[in-house]
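**Student:** Structure in structure tokens, see below.
Derivation of every value follows stated rules applied to the coordinates shown; laboratory data play no part. If you're wondering where the values come from, they're calculated on a predicted model, not measured in any experiment. Reconstructed Cβ throughout: ideal geometry from the backbone, glycine too, with neighbour counts over all protein chains shown.
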Amino acid sequence: MKRAVMLIILVAATVGCASIEIASGAAPEPEIVTSDVDRFYALYDGVRGAPDAAALQAYIDGGSPGLQTLAEKRDVSGERIAQAIKARPELYKKARECAQALPAAKQRLKGALEKLFDLYPEARAPAVTIAVGRGRPVGIGYPDTGVQISLEALCAADFLNPDVEDRFVYVIAHEYIHVQQSPELSMSVDGESPTVLDVSLSEGIAEFVGELISGDVAYGSLRGNTAGQELEIETAFLANKDSTDLSDWVYNASSEKPGDLGYWVGYRIAKAHYQNARDKSQAVTDMLEMTDPSAFLAASGWEPGISFDD
């Protein structure tokens with residue numbers, strides 16, 4: 001997600017972070033927090049779907065550490081949520097229905113995150129928080145405070161995957177991979193002039209490793225949008241890989257038009273690297289610790305129009 005997964009790297013866990021303490025020899029078990037959803041809808045129901053800004057600010061102020069992070073980093077306030085509810089009441093009604101998928105999604109996510117720690121024992125283990133916000137972003141992630149998902153934004157993103165439960169699992173797995181990526185890559189992507197290749201590999205690796213642990217990619221619709229056009233799209237990508245104009249390749253998806261083709265090309269570069277690697281475990285480490293996108297591309301074995309065994 002658009003750094004809407006904006007990974008700002010903070011090198012160590014700080015006081016009040018949402019990380020889980022891991023006993024020596026114990027498998028990490030990241031917490032998946034949904035209590036803010038319950039709190040929001042208790043408030044929402046109590047005033048017949050029209051909470052005011054002050055009540056919503058109290059919801060934020062009394063929320064989980066993850067909700068606090070979402071509010072701080074993405075300008076979520078009681079006033080802005082109140083404005084969003086007034087402008088798009090259907091968003092919050094739909095999210096309430098969508099939330100019914102959370103218990104099953106949480107169980108599947110626990111399994112996916114366990115698989116991540118099997119594949120990459122050095123993985124960070126901060127919490128995942130699902131809360132209600134102002135309609136955007138879908139998600140953000142930080143190494144010390146984990147992943148924060150805006151329920152109403154993800155529920156509205158039908159174009160990602162029509163199945164709500166699958167959408168939760170695959171998107172959150174994608175976001176959790178961003179939390180694992182190297183500080184150098186994340187700082188480059190979040191900087192003033194990242195290239196098409198920088199961002200596409202960051203997102204594509206999140207797609208590929210997310211698929212390894214959860215069973216599918218977050219942006220499954222891109223398969224249909226790209227079928228039969230692999231050579232054409234990837235030839236154009238190669239010509240634009242060093243450009244700092246991202247507008248044709250990433251962060252441009254919507255329900256009205258397909259976009260984010262850079263995610264798909266980055267995924268295929270990551271897949272080429274993985275399939276060509278003799279040591280698959282090392283291949284995962286290579287992807288998560290990658291700091292030089294150009295060198296990674298050159299060594300991956302990818303070329304425009306590449307076909308895969310599966």
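**Student:** What are the ³J(HN,Hα) values, in whole Hz, obtained from phi via the Karplus relation 6.51 cos²θ - 1.76 cosθ + 1.60 with θ = phi - 60°, for each residue of segment 67-80 in sequence order, with x given for Gly and Pro?
**Tutor:** Those phi angles translate into 5, 4, 5, 4, 5, 5, 7, 10, 6, 9, 9, x, 5, 6 Hz.
**Student:** Please list, by residue number, everything in segment 86-103 whose backbone N is under 18 Å from a paramagnetic label point 7 Å out along Cα→Cβ of Glu29.
**Tutor:** Counting backbone N atoms under 18 Å from the label point, the list is 103.
**Student:** If amide hydrogens are placed 1.01 Å from N in the peptide plane, which non-local residues have theirs closer than 5 Å to the one on Thr129?
**Tutor:** Val33, Val147, Gln148, Ile149
**Student:** Follow-up. Based on alpha-carbon atoms only, what is the radius of gyration of segment 141-284 relative to the globular estimate 2.2 N^0.38 Å?
**Tutor:** Taking N as the residue count of segment 141-284, the ratio is 1.01.
**Student:** Which of the aspartates and glutamates could be linked to Lys73 by a straight reach, that is with a Cα gap under 19 Å, when you skip same-chain ones fewer than 8 residues away?
**Tutor:** Correct list for Lys73: Asp36, Asp61, Asp144, Glu152, Glu175, Asp190, Glu192.
**Student:** Further question on the same structure: Once you have the Cα-Cα distance between Asp245 and Lys110, take 0.36 nm times their residue separation minus that, and quote the gain in nm to one decimal.
**Tutor:** 44.9 nm is the gain from fully extending Asp245 to Lys110.
**Student:** In nm, what is the difference between 0.36 nm times the number of residues separating Thr235 and Ala42 and their Cα-Cα distance?
**Tutor:** Full extension from Thr235 to Ala42 adds 64.3 nm.
**Student:** Going 7 Å from the Cα of Asp292 in the Cα-to-Cβ direction, what parts of segment 156-190 have a backbone nitrogen less than 18 Å from that spot?
**Tutor:** Counting backbone N atoms under 18 Å from the label point, the list is 182-189.
**Student:** With θ set to phi - 60°, apply the Karplus curve 6.51 cos²θ - 1.76 cosθ + 1.60 along segment 105-121 and write out the HN-Hα couplings as whole Hz, x wherever there is a Gly or Pro.
**Tutor:** Per-residue couplings from phi come out as 5, 4, 5, 5, 5, 4, x, 5, 5, 4, 5, 4, 6, 5, 6, 9, x Hz.
**Student:** Using Cα atoms only, what is the angle between the long axis of helix 35-46 and the major principal axis of the chain, expressed in degrees (0 to 90) to the nearest 10?
**Tutor:** Orientation of helix 35-46: about 40 degrees from the principal axis.
**Student:** Here is a further query. Given the Cα atoms of the chain, and with Rh set as the inverse mean 1/r over their pairs in the Kirkwood sense, what is Rg to Rh to two decimals?
**Tutor:** 0.97
**Student:** Per the helix-only calculation at 222 nm, which mean residue ellipticity applies to the chain, given -39500 (n - 2.57) for every DSSP H run of n ≥ 4 and division by its residues, nearest 500 deg cm²/dmol?
**Tutor:** It lands at -16500 deg cm²/dmol.
**Student:** Same structure, new question: Could you give each residue of segment 55-66 its phi-based ³J(HN,Hα) in whole Hz, using Karplus coefficients 6.51, -1.76, 1.60 with θ = phi - 60°, and x for Gly or Pro?
**Tutor:** So the J values, rounded to whole Hz, are 5, 5, 5, 5, 4, 5, 4, x, x, 6, x, x.
**Student:** With springs only between Cα atoms under 10 Å apart, run a GNM on the chain and tell me which of Asp216, Asp198, Asp75 wobbles the most.
**Tutor:** Greatest mean-square fluctuation among the candidates belongs to Asp75.
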